[in-house]
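Step one of this worksheet: look at the structure below.
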Amino acid sequence: MSYLLKPLQVGTLALTNRLVMPPMATAKAEPDGKVSQEILDYYAEKSEGGYISLIIIEHSFIKPEGKASIKQLSVAEDGMVEGLKKLAKVIHGNGSKTMMQLNHAGSAALEEVIGTTPVAPSAVANPRRGDRPRELTRQEIAEIIEAFQNAARRAKETGFDGVEIHSAHGYLLNQFLSPLTNRRSDEYGGDIHNRIRIHLQVIEAVRAAVGEDFPLLLRLGASDFMAGGTTLEDSQIAAKEFAKAGITILDISGGFSGYNVPGLTGQGYFAPLTEAIKKVVPIPVILTGGITEVRVAERLLAEGKADLIGAGRAILNDSQWAKGAVESLR
């Protein structure tokens with residue numbers, strides 16, 4: 001039997017195969033972040049036929065000051081729910097499951113986009129931007145945790161099958177995780193256990209809002225690939241804590257300034273990260289990173305590098321890629 005076509009049951013989440021479309025920012029939302037017809041058409045095209053088992057939609061901002069770019073999708077207000085219901089319905093109508101990715105850009109935000117000084121764990125320039133942000137107070141951290149909670153509640157109300165918390169690619173939660181940008185001296189800074197304190201509080205708050213049976217993913221930047229940054233050993237510790245806290249699936253990435261990391265080449269270039277994380281957690285792990293051939297995806301699954309395969313760029317460039325991949329294995 002083909003590994004890719006083999007169904008996977010994860011708690012209440014039944015996946016017909018192991019093919020995942022990871023989040024790819026489209027910049028197709030309305031200026032205020034509402035779902036546009038352009039976004040509905042985009043996801044209708046990508047999900048047609050139900051060949052992709054799970055679609056994790058593009059990162060959506062949870063607070064206006066956490067907006068990463070213009071025309072980014074929003075889940076920051078109750079007024080977004082009706083449009084997001086239409087989006088979930090389009091994807092479900094084509095036969096795929098879908099997750100909403102929740103994000104706060106932190107110091108990766110631009111002042112000209114958000115209208116104020118970006119915030120961060122510490123007043124340290126973000127390697128992605130170079131501008132100096134403002135350090136968050138404890139009260140503001142509590143408000144961000146609440147914003148993640150409310151965003152997850154909205155996602156459940158819209159009919160999405162789960163949510164993914166974004167802690168990769170130099171965005172806010174990744175900034176707390178990384179020693180490059182977290183220089184705090186309070187309970188949110190220092191060793192790895194303190195640097196993931198906000199993650200665990202977000203997980204707890206989200207679980208309180210959506211219940212125990214709602215799938216909860218976490219996108220983990222498992223290595224910064226920069227001197228002085230997060231190491232794989234840090235992320236193995238973090239991954240174990242996230243699994244114990246109630247994360248359903250870990251979606252592994254890397255690179256503080258984005259997932260395109262100089263020197264990482266070949267299909268499945270994050271496989272060393274997923275393989276190492278998979279060894280220490282009892283929950284499924286998603287592998288992404290330059291995968292364009294279905295036979296390579298099959299081999300990576302057969303070798304135990306991961307439990308699910310994410311194909312982003314391949315599907316972005318060819319909406320029929322998943323159909324061809326699945327049918328070629330039949």
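FYI, it's all coordinate maths here, none of it is from the lab. Computed from a predicted model, the values in this text were never measured in an experiment. Reconstructed Cβ throughout: ideal geometry from the backbone, glycine too, with neighbour counts over all protein chains shown.
Quick one: work out the % antiparallel among DSSP beta bridges in the chain, nearest 5.
10 percent
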Test item: Cα-centred dipole of the chain, Lys/Arg +1 and Asp/Glu -1 on Cβ, debye: 500 debye
Computed E for S319/T265 - FRET, C-beta separation, R0 25 angstrom, nearest 0.05: 0.50
Cross-link partners of K28 among aspartates and glutamates (Cα-Cα below 13 Å; sequence separation of 8 or more within a chain): E38, D41, E58
Förster-model FRET efficiency, 25 Å R0, A44 and I237, C-beta, rounded to 0.05: 0.05
Aspartates and glutamates whose Cα lies under 13 Å from that of K85, excluding same-chain neighbours fewer than 8 positions away: E157, D161
FRET efficiency, 1/(1 + (r/R0)^6) with R0 45 Å, evaluated for E293 and T116 via beta carbons: 0.50
Rg and Dmax [Cα atoms of the stretch 1-116; Å; Rg one decimal, Dmax integer]: 15.4, 54
Translational D in µm²/s for the chain (Stokes-Einstein at 20 °C, 1.002 mPa s, Kirkwood Rh from C-alpha pairs): 110 µm²/s
